[in-house]
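Before any comments, here is the structure.
Bear in mind that the values in this text are calculations on the coordinates, not laboratory data. These figures come from a predicted structure and were not determined experimentally. Heads up, the Cβs are rebuilt from the backbone with ideal geometry, glycines too, and the neighbour counts pull from every protein chain shown.
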Amino acid sequence: MKLLPLPLPPLLSRLPRLPRPPRPPRLSSALLGATVLELAVLAGHLAVYPFGLTPERRPPTRPAGTEPGSGGGTALPVTAVAAPPPVVLLHGFVDNRSVFLLLRRALIRNGHDHGHHRHLESLNYSPLTRDIRAAAGLLGRHVEEICARTGHHRVDIVGHSLGGLIARYYVQRLGGDRRVRTLVTLGTPHGGTAVAPGAGVHPIVRQMRAGSSVIEELRTPAPGCRTRFVSFWSELDQVMVPVETACVDHPDLDAVNVRVTGIGHLALPVHPTVAAAIREALDAPVTGEDTAPADGAASVA
């Protein structure tokens, strides 16, 4: 799969781009612009954060083979043509589902534009969660419930930061590849990140560091993994150290790494250019119809 460059929106077009190779004066200017944007995103997110503390309301699970209002009649089988797989949104560390407010609207709008309904659900996990493995197991139970309720056999997942790592562990180590068609990660420490020393007091943060047992597990072979990975990484992400750690680098995984310029870690799940690229990834053909190579890279500016 290849993601084509997208037109620059007015906001990003005014920000300086990081050159290649980087030169100190331009780098400082790009970093300054990204920092200002990060602060604006943080302020907006703090305003909506309280609204995401409660779990999202979900319709009750309906009996198999029935549709609401059908009087118990047999439901038509769900097909990829009739409706795309449900999308599960999974937030990062000490965050909640409110981080996906703008992305959710963009994905819903895209579904209407293409004439189909895209089912989206945002999951919250507790900030007291101490283990990525346990969180991945909980995600798996949620995915099974969503599949039972919607009639779909597979889902797509979009995970920001730690959320992407939890989803990858579920896919790669807990057999989640049979349920997850596409996993999109945004600023996820796939190779481990050198986080701030003070943050290491939390066990789950220590698991995000390079060399942790979780990161080493994800380096082990994963033959036959059926999930397609699309990872977005930013050259100005100050949380991913080094920035390339947000790339998926595994010989057994079908992965495309998408380089983003001009924005930082917090802006990844809210920026319209990234949202457009995520929509492309989710709208791409399902496994078996995709003719993309098993490994690749792309970029958005």
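Quick notes on this one:
- Amide H to amide H distances under 5 Å link residue 254 with 229, where only residues 5 or more positions off or on other chains count and H is placed in the peptide plane.
- Gain in span if fully extended, residue 238 to residue 141, counting 0.36 nm per residue against the direct Cα distance: 31.7 nm
- Relative contact order for the stretch 92-238: 22 percent, from Cα pairs under 8 Å spaced at least 6 residues apart, divided by residue count.
- Between the amide H of residue 299 and those of 259, distances stay under 5 Å, these residues lying 5 or more places away or on another chain, with hydrogens modeled in the peptide plane.
- Interchain or long-range residues, amide H under 5 Å from residue 122's placed H: 89
- If R0 is 45 Å, the Cβ-Cβ spacing of residue 283 and residue 201 corresponds to a FRET efficiency of close to 0.60.
- Estimated FRET transfer efficiency when R0 is 30 angstrom, pair residue 249-residue 174 (beta carbons, to 0.05): 0.90
- Projecting the Cα atoms of 193, 223, 157 onto the charge dipole of the stretch 115-228 (Cβ charges, centred on the Cα centre) puts 223 farthest toward the positive pole.
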